[in-house]
Structure formats: C-alpha cells, structure tokens
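Data block below; observations after.
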Amino acid sequence: MNEQSSVAGALLYGADNLITCKNACFLDVSMQGRGASWGLILDMVSENMLSNPSSRGFLIDGFPRELKQAKEFERIVGRAPNIVIVFDCSMKTMVQWALHRGHVEHRADDSEPAIRQRLETHYTLCEPVLTFYQQRNLLRSILAEEAPENIFAKCCSVIESLQ
C-alpha cells in the first residue's frame, strides 16, 4: 500500500502540486464556506489519476456523491473502481462524529440541526450511487459503530483483499 495515492488531500496540498487556476478556484470557494462544483472536483480527481499511470491505486474519499458523477468519472478515467467502501452507521453516530469534528476544527456551520440536514441530503443523493455499485458487485460495507482504529483495520482488510 506504500505507493497508494490519496487523492482527497493531495490534490491541493501535495508537496509537488502547483497552484493551478482550478486549485485557486477551489480554495476560493472553500474559503467562502461553499462546496465546489462536482465538475471541478471531477476534473481535479481525474487529472490527478490520469497523470499518475504508474500508481498502484488511488483512495478517493467522499466521491462520487451522485450517480451522474459516478458515470462521468468512469467515462473520463476509462474504467470502474475496483471497490467502493461505504461506512454503515447510524445517524446518531454520524452526528456525533460531525459534532466532534466541528468542535476540533472550530466550525461554526457544524450545529446539530445543520449536520442532520446535510446528512439527510447526503443520504438521498448517495442512495442511487450505492445501488449502482451494489448491482455491479463493487460495494463493500463496513460496520462503523466501533472505535476508529477498528474501522481503519477493516478498511485495510478490504483494500488488501484486492492484492
């Protein structure tokens, strides 16, 4: 796994990543507290993947969130992912995680009602994506009602099963 590329954070903050117009746009949108357009994110993810053909793989966190993103991603990259991991946990657990993150990161937008609304929207948008990957036997569900180190170990097992 030492050659795996984590696209999520590396796109903007990688040591050898140059500030591009797209990155500057993403940073500007992020600083204003808005989400970046999925087209911008798709462009950044696919460009990073296609520019690293010798990589053993990529771990992409939180993408795709909509079915059209999944289909467009596969069209651009030219293949489906090897697996898609979904964390299976209750709304209560998700709210607790987000509240903790909000406290640690001093995020004013992480109130419980706001978190619940974002999660409801997220679940609604993601359901067709999960069905799409389940039908293709690519979806791996990990029970995420445990300590973070146990969840991490389960993720590692799923990823190692690909080798």
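Some points to look at:
- Nonlocal amide H pairs with S141, under 5 Å, H built at 1.01 Å: V86
- Mean projection of the Cα convex hull over all viewing directions, computed for the stretch 74-122: 5.1 nm².
- Each peptide among 41-54, 98-111 gets the average number of other Cβ atoms lying within 10 Å of its residues, and from highest to lowest they stand as 41-54, 98-111.
- Restricting the calculation to Cα atoms, the stretch 32-124 shows an Rg/Rh of 1.02 when the hydrodynamic-style radius is the Kirkwood one.
- Cα gyration tensor, the stretch 109-152 - rounded (a/c under 1.5), prolate or oblate: oblate
- Partner aspartates and glutamates for K68 [C-alpha distance under 13 Å; skip if fewer than 8 residues away on the same chain]: E127
- Debye intensity ratio in log₁₀ form over the Cα atoms of the stretch 90-163, taken at each q of 0.18 Å⁻¹: -0.92
- Those aspartates and glutamates that a straight Cα-Cα span of less than 14 Å connects to K71, excepting residues fewer than 8 apart in one chain: D43
- Protein accessible area in the stretch 30-163, 1.4 Å probe - carbon and sulfur %: 55
The values are calculated or read from the model by the stated rules, or taken from the named source; none is laboratory data. Given the structure is predicted, the values throughout are model-derived calculations rather than measurements. All Cβ positions, even for glycine, are placed from backbone atoms using ideal geometry, and neighbour counts span all protein chains on display. The area values use the complete protein model at the heavy-atom level, side chains included, leaving out ligands, DNA and RNA. Shrake-Rupley method; radii C 1.70, N 1.55, O 1.52, S 1.80 Å.
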